[in-house]
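Trainee: Let me begin by handing over the structure; questions about it come next.
The values are calculated or read from the model by the stated rules, or taken from the named source; none is laboratory data. Predicted model only: the values in this text are computed from it and were never measured. All Cβ positions, even for glycine, are placed from backbone atoms using ideal geometry, and neighbour counts span all protein chains on display.
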Amino acid sequence: MKYYLWSIGCQMNDADSARAAEALEQMGFVRVEDPGKADVLLLNTCVVRQSAEDKVRGHLASLKAVKRRRPDAFLAVMGCFVNDAQILHQQYPYVDLFLRPSDVEGFVKAVRERLALGDRWVRPPLPAPVSVYVPIVYGCDHFCTYCIVRLRRGKQRSRPPEEIIAEVEDLVKRGAREVTLLGQNVDSYGRDLPTKPDLADLLEALHPIKGLWRIRFLTSHPADMSQKLIETVASLPKVCEHLEIPVQSGDDAILKRMVRGYTVAQYKELVKRIREAIPGVSLATDVIVGFPGETEEQFMNTYRLLEEIRFDVVHVAAYSPRPGTAASRLKDDVPPEEKKRRLRLIEELQERISSEINAGLLGEEVEILVEGRRKGRWFGRTRTNKLVFFEDPGNWQGQMVIVKVEEAGPWSLRGRFIRKLSMEEAP
Ligand code: SAM
Ligand code: SF4
Ligand code: F3S
């Protein structure tokens, strides 16, 4: 039996797709790249911007012919594209099943029913990748006016800590060494649970797990990141010095219209506290350019903020009006060419800053958790989430090694293998 998987979107979708793939492989399915050869097809979708939605619709259209040729193949569509399944069924009658975002359970159940597999697992649990995503909170309770995510993923639902701990323990038994806890807003984890645990408590609870070497989490929200969390990150050795805190704009009036819940001054103060508490911390952020009404001066405020803070990574996007969001009622008045220009300016600025920051690592010995091989080279990440490649004849899969940085570009580093971390040094 063969399956085809197509997935776009954020890390939450990556995590859901990986889980769906793992479940299928446990049932004995083998992945194929040609949808025409698959018995089960899963599309995991994103609609964060119009361009993502266009890709989804384009891909779905291309599968019509596949289904015509093989009507018995099972085609499921999951993710943020799925809003009103009834309407979608009318638009795409050849799709067998529409599933809400993250409904991997529903997908697996449907495949089992279809194959009359019942609860039977065909194979024992598979080995886990070295680095895995673990969703800890679904949905989001914020009301950012540009954002469709909260409309598609619903209100915040945190998973109970016991369930997360058990899952991480199981992943580590199967070979995982690093977990990245996921949520649209991980900083408000637990608020909806009866005992109100928070992310800091969860980090403390996961920390003692033997064989787990590194813990990360994303995405943070500037208005929800507590001092307790910052101090916990600083104090727990397994929690890596890397935070993803979307700022979205460097202009107070725009932030207000985005309903982000903080000012530029508050954001800067947060960054200051983080940098004081966590030396060497690397910071990533998201920025939207061309939000309705954004003037040149307001855009420049964002530009100058990025120059001042000097993030390690900036994900920049051109504003795209999304149906049903509050901002979609505002006039999308920054012309596409102008949005592109602003986007390019930020990209150029950030390329320079990232290059400069990474050049600072030249000659340094960094600790890498080796995730695998790409184009004949080993690769892994530093604690600060920098991608590092190195060549070596040894087998370093899943090992913690020391690499000396010899080349540094804006997106990745290249180094020379020095040694494996000794037992005493290993976490
Ligand atoms: N929850 C996270 C947050 O608070 O930023 C991530 C939300 S979304 C999955 C990822 C990024 O997409 C956002 O940070 C934002 O920069 C961008 N984005 C969201 N809606 C957008 C829109 N309508 N147009 C352009 N970019 C958008
Ligand atoms: Fe969307 Fe804002 Fe929630 Fe992020 S925090 S998912 S941008 S509503
Ligand atoms: Fe896309 Fe949904 Fe993620 S819209 S970015 S897949 S939360």
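Trainee: Mind listing whichever residues of segment 319-333 are in contact (Cβ under 8 Å) with a residue 40 or more places away in the chain and either away from ligand 1 (no atom under 11 Å from the Cβ) or among the small types (Gly, Ala, Ser) (or both)?
Mentor: Answer for segment 319-333, where residues must be in contact (Cβ under 8 Å) with a residue 40 or more places away in the chain and either away from ligand 1 (no atom under 11 Å from the Cβ) or among the small types (Gly, Ala, Ser) (or both): SER320, GLY324, ALA326, ALA327, LEU330, ASP333.
Trainee: Another one. Restrict the check to segment 127-146 and report whether at least one residue is under 30 Å from GLU204 (Cβ atoms), in a loop (DSSP other than H, G, I, E, B), more than 16 Å from ligand 3 (Cβ to nearest atom) and touching a residue at least 60 places away in the same chain (Cβ under 8 Å).
Mentor: Yes: one or more hits.
Trainee: Being within 16 Å of ligand 3 (Cβ to nearest atom) and aliphatic (A, V, I, L, M) narrows it down to one of ALA359, ALA318, ALA326, so name that one.
Mentor: The match here is ALA318.
Trainee: On to the next question. Name every residue in segment 22-39 that is within 22 Å of PRO71 (Cα to Cα), out of contact with any helix residue (DSSP H, G or I) (no Cβ under 6 Å at 6 or more places or on another chain) and of a type outside the set (Asp, Glu), in order of residue number.
Mentor: Correct list: LEU24, MET27, GLY28, PHE29, VAL30, ARG31, VAL32, LYS37, ALA38.
Trainee: Here is a check on your reading of the model: is LYS196 more than 16 Å from ligand 1 (Cβ to nearest atom), closer than 30 Å to TYR146 by Cβ, part of a helix (DSSP H, G or I) and among the basic types (Lys, Arg)?
Mentor: no
Trainee: Just to be sure, is VAL313 touching a strand residue (DSSP E or B) at 6+ places or on another chain (Cβ under 8 Å), away from ligand 3 (no atom under 16 Å from the Cβ) and closer than 22 Å to GLY409 by Cα?
Mentor: Criteria met by VAL313.
Trainee: Anything in segment 179-215 that is buried (at least 19 other Cβ atoms within 10 Å of the Cβ) and hydroxyl-bearing (Ser, Thr, Tyr)? List them, or say none.
Mentor: THR180, SER188, TYR189
Trainee: A further question follows. Scan segment 312-327 for residues that are within 13 Å of ligand 2 (Cβ to nearest atom), of a type in the set (Gly, Ala, Ser) and either assigned to a strand (DSSP E or B) or at pLDDT below 95 (or both) and jot them down.
Mentor: The answer is ALA317, and nothing else.
Trainee: Related question: Return a yes/no flag: does segment 252-269 have any residue that is assigned by TED's automatic domain parsing to the domain that holds LEU182, more than 16 Å from ligand 2 (Cβ to nearest atom) and touching a residue at least 60 places away in the same chain (Cβ under 8 Å).
Mentor: Scanning segment 252-269, I find no residue that is assigned by TED's automatic domain parsing to the domain that holds LEU182, more than 16 Å from ligand 2 (Cβ to nearest atom) and touching a residue at least 60 places away in the same chain (Cβ under 8 Å), so the answer is no.
Trainee: Could you say whether any residue in segment 38-49 is within 16 Å of ligand 2 (Cβ to nearest atom) and surrounded by fewer than 19 Cβ atoms within 10 Å (Cβ to Cβ)?
Mentor: Yes.
Trainee: Oh, and also: Do you know which of the residues in segment 359-371 that are in contact with a Gly (Cβ under 8 Å, 6 or more places away or on another chain) and surrounded by fewer than 21 Cβ atoms within 10 Å (Cβ to Cβ) is nearest to GLY415 (Cα to Cα)?
Mentor: Top of the filtered list is VAL366.
Trainee: Got a sec? Which helices (runs of 4 or more DSSP H) wholly within segment 202-304 have at least 1 residues that are within 20 Å of the chain's Cα centre (by Cα), within 27 Å of VAL134 (Cβ to Cβ) and not hydrophobic (A, V, I, L, M, F, W, C)?
Mentor: Fully inside segment 202-304 and qualifying: nothing.
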